[in-house]
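Each reported figure results from applying straightforward, stated rules to the coordinates on display, with no laboratory input. The structure presented is a predicted model; accordingly, all values stated were derived computationally and were not measured. Counting neighbours? That spans all protein chains shown, and the Cβs are built from the backbone with ideal geometry, glycine included.
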Amino acid sequence: NAGVTQTPKFQVLKTGQSMTLQCAQDMNHNSMYWYRQDPGMGLRLIYYSASEGTTDKGEVPNGYNVSRLNKREFSLRLESAAPSQTSVYFCASSSIGGSEQYFGPGTRLTVT
Amino acid sequence: KNQVEQSPQSLIILEGKNCTLQCNYTVSPFSNLRWYKQDTGRGPVSLTIMTFSENTKSNGRYTATLDADTKQSSLHITASQLSDSASYICVVSEIVKNGGSQGNLIFGKGTKLSVKP
């Protein structure tokens, strides 16, 4: 079991460029999440998917879109990257909403 | 606004010593409180999850306590090891009214623990 995997591990973008962060889990979990972690702040929820076919906004959704491609995969897209989106992005999954969450290793994104 | 405050912000201890990390929260009502360990450059890993009715839960050398009346939790680490060097994050799961299968997680900023030889 790989758990939760994320690609890429590191990425540098120029302002205005777009990219998609990929996340996959092999634990047959229903719920998946995208967080960002900034220095001096707690993790903040960007978007989540309670189950396959549904997505909902979290605390900081502006500038992002998500796709729950299937039960395993949940991607996060930045359509037009901005320096304020420089952060470490974590994907997580849980069997159901509210249960223990398992986190991926993170993607460190820098927008110049 | 519901908040989770952790103290101290950072802590340095010698290997073999014990330490206690604090978490105060204003989240109400809540369903559970979690402690996560996050190694540098890695994702958080769950240490303990306690419901509002539980007072204490252990995971090896880690013991978490919860006082729902005073809205305080602590994480006690016994006989620290170099591998305990990490950030420890307190997370409170807010009960979401009107359905919300998500359950809103409120993350603290973490306590950065350094264990020195």
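Brief remarks follow.
- Using only Cα coordinates, the Kirkwood hydrodynamic radius of the protein assembly as shown works out to 18.1 Å.
- Pairs from the table (A:K9/A:K71; A:K71/B:K57; A:K14/A:K71; B:K57/B:K116) lying more than 29 angstrom apart at Cα are A:K71/B:K57; A:K14/A:K71.
- For the peptide A:44-57, the mean number of other protein chain Cβ atoms found within 10 angstrom of a residue's Cβ is 2.
- Spherically averaged projected area of chain A from its Cα convex hull (nm²): 6.3 nm²
- Given charges at beta-carbon only (K, R positive; D, E negative), |dipole| of the protein assembly as shown in Debye: 420 debye
- Charge dipole (the protein assembly as shown, unit charges on Cβ, about Cα centre) - positive-most of B:P117, B:V45, A:A24: B:P117
- Mean partner shielding of peptide A:98-107, defined as the number of other chain Cβ atoms within 10 Å of each residue Cβ, is 5.
- Unit Cα scatterers, Debye sum, segment B:56-97: log10 I(q)/I(0) for q = 0.14, 0.20, 0.26, 0.34 Å⁻¹: -0.42, -0.75, -1.04, -1.27
- 3J(HN,Hα) along segment A:52-59: 4, x, 10, 9, 9, 6, x, 6 Hz, from the Karplus curve 6.51 cos²θ - 1.76 cosθ + 1.60 with θ = phi - 60°, whole Hz, x for Gly and Pro.
- Estimated dipole of chain A in Debye, rounded to 20 [Cβ of Lys and Arg +1, of Asp and Glu -1, Cα centre]: 260 debye
- Charged-residue dipole, Cβ positions (Lys, Arg, Asp, Glu), chain B about Cα centre, Debye nearest 20: 220 debye
- Histogram of C-alpha separations across chain B, 5 Å bin width, %: 2, 12, 23, 24, 19, 11, 6, 2, 1, 0, 0
- Within the protein assembly as shown, the cysteines lacking any other cysteine Cβ closer than 4.7 Å to their own Cβ are B:C19.
- Within segment A:1-74, trypsin sites (Lys or Arg not before Pro) in DSSP loop having at most 11 other beta-carbon neighbours inside 10 Å: A:K9, A:K14
- Every Cα-Cα pair in segment A:42-87 was counted, and those over 13 Å apart are 56% of them.
- Chain A, relative contact order in percent, only Cα pairs under 8 angstrom and at least six apart counted: 36 percent
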